[in-house]
Amino acid sequence: QGKTKMIKFQLKGSKVGNTTCHLSTNKSTCIQECKYCYNDPILLRWKNVGKNYDNVTQSIINREKIPPIPKNKVNCRISINGDFSFDNIDDSIYYIMEWYRVASEHENVNFFSYTKSWKDKKLLPYLNKLRSLKNVTIRASVDKTTGYKIPKNWTYSGILENNTLDKIKVKKYFICQFNNKKSKLYKVPCDKCKICISKKLSHIPVFFDEH
């Protein structure tokens with residue numbers, strides 16, 4: 001099959017604007033179940049990644065380094081089609097700490113992500129270390145499978161389900177308006193909206209309409 005790089009960066013064709021997206025992950029990812037993003041050439045380009053799960057996972061095991069962020073990109077979404085967790089805990093820790101290294105070396109880039117790995121107590125200290133960087137924003141992704149009791153000082157995110165807002169009981173939150181034709185933020189890219197990206201706004205829960 002040849003060697004597949006652990007990391008691939010999406011450089012265009014996305015709603016995220018001047019943002020590069022990390023497109024590598026392990027096999028347990030929503031892309032295998034949901035065809036919405038996978039088949040949408042405007043929203044996200046995932047087709048070239050979807051066939052390479054085994055090679056991507058192997059590259060984590062081989063301890064390949066994440067390359068520098070592409071030039072002229074001021075934002076980077078981490079693991080857009082997956083999460084921080086791998087079958088082996090050491091692989092997961094390595095992966096998280098690789099992002100810590102990259103984010104530390106690119107202080108002018110804003111990194112952001114949504115993760116369900118907050119549920120893993122073994123990974124939480126490493127995720128907190130990554131989140132502690134001034135240019136990194138990571139929200140806890142929640143749904144009925146994870147429950148709604150997130151760690152202290154974390155912020156909610158996720159796909160809106162029935163009674164989601166009742167479950168989390170927060171007074172202030174934001175629902176992505178990218179596809180809302182009645183909103184002033186309709187089709188406004190992520191790097192212009194900035195709510196998901198900005199560290200200053202990281203305390204605001206962010207949700208997305210079900211798709």
From the residues CYS193, VAL109, ASN153, which one has its Cα farthest along the dipole of region 105-211 in the positive direction, the dipole being from +1 and -1 charges on Cβ of Lys/Arg and Asp/Glu about the Cα centre?
-> ASN153
Using a Förster distance of 35 Å, how high is the FRET efficiency between ASN179 and LYS134, based on the Cβ-Cβ distance and rounded to 0.05?
-> 0.70
Prolate/oblate/rounded label for region 55-211 (Cα gyration tensor, a/c 1.5) = oblate
Count neighbours as other Cβ atoms within 10 Å of each site's Cβ, and list the chymotrypsin sites (Phe, Trp or Tyr not before Pro) in region 117-211 that are DSSP loop with at most 11 such neighbours.
-> TYR186
Of all DSSP beta bridges with both partners in region 110-211, the antiparallel percent, nearest 5, is 10 percent
Plugging the Cβ-Cβ distance of LEU160 and LYS187 into 1/(1 + (r/R0)^6) at R0 = 22 Å yields, to the nearest 0.05, a FRET efficiency of 0.65
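Lys and Arg at +1, Asp and Glu at -1: add these up for the other residues within a Cβ distance under 15 Å of ASP120 and post the number.
Details: positive: LYS116, LYS119, LYS121, LYS122, LYS129, ARG131, LYS149; negative: ASP83, ASP87, ASP90, ASP91.
Computed value for this residue: +3.
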Length gained, ASN88-ASP120, 0.36 nm per residue minus C-alpha separation, equals 10.3 nm
Label-point separation (nm) for VAL170 and TYR148, each offset 7 Å from Cα along Cα-to-Cβ?
-> 1.2 nm
FRET E, pair LYS71, HIS203, Förster distance 25 Å, beta-carbon r, rounded to 0.05 = 0.20
Might you tell me the accessible area per residue for region 76-132, computed with a 1.4 Å probe and given in Å²?
-> 43 Å²
Got a number for carbon plus sulfur as a percent of region 60-211's accessible area, 1.4 Å probe?
-> 50 percent
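The values are calculated or read from the model by the stated rules, or taken from the named source; none is laboratory data. Quick caveat: nothing in here was measured; it's all calculated off a predicted structure. Note that we place each Cβ from the backbone using ideal geometry, even for glycine, and neighbour counts take in every protein chain shown. For accessibility, only protein heavy atoms count, side chains too; no ligands or nucleic acids. Shrake-Rupley method; radii C 1.70, N 1.55, O 1.52, S 1.80 Å.
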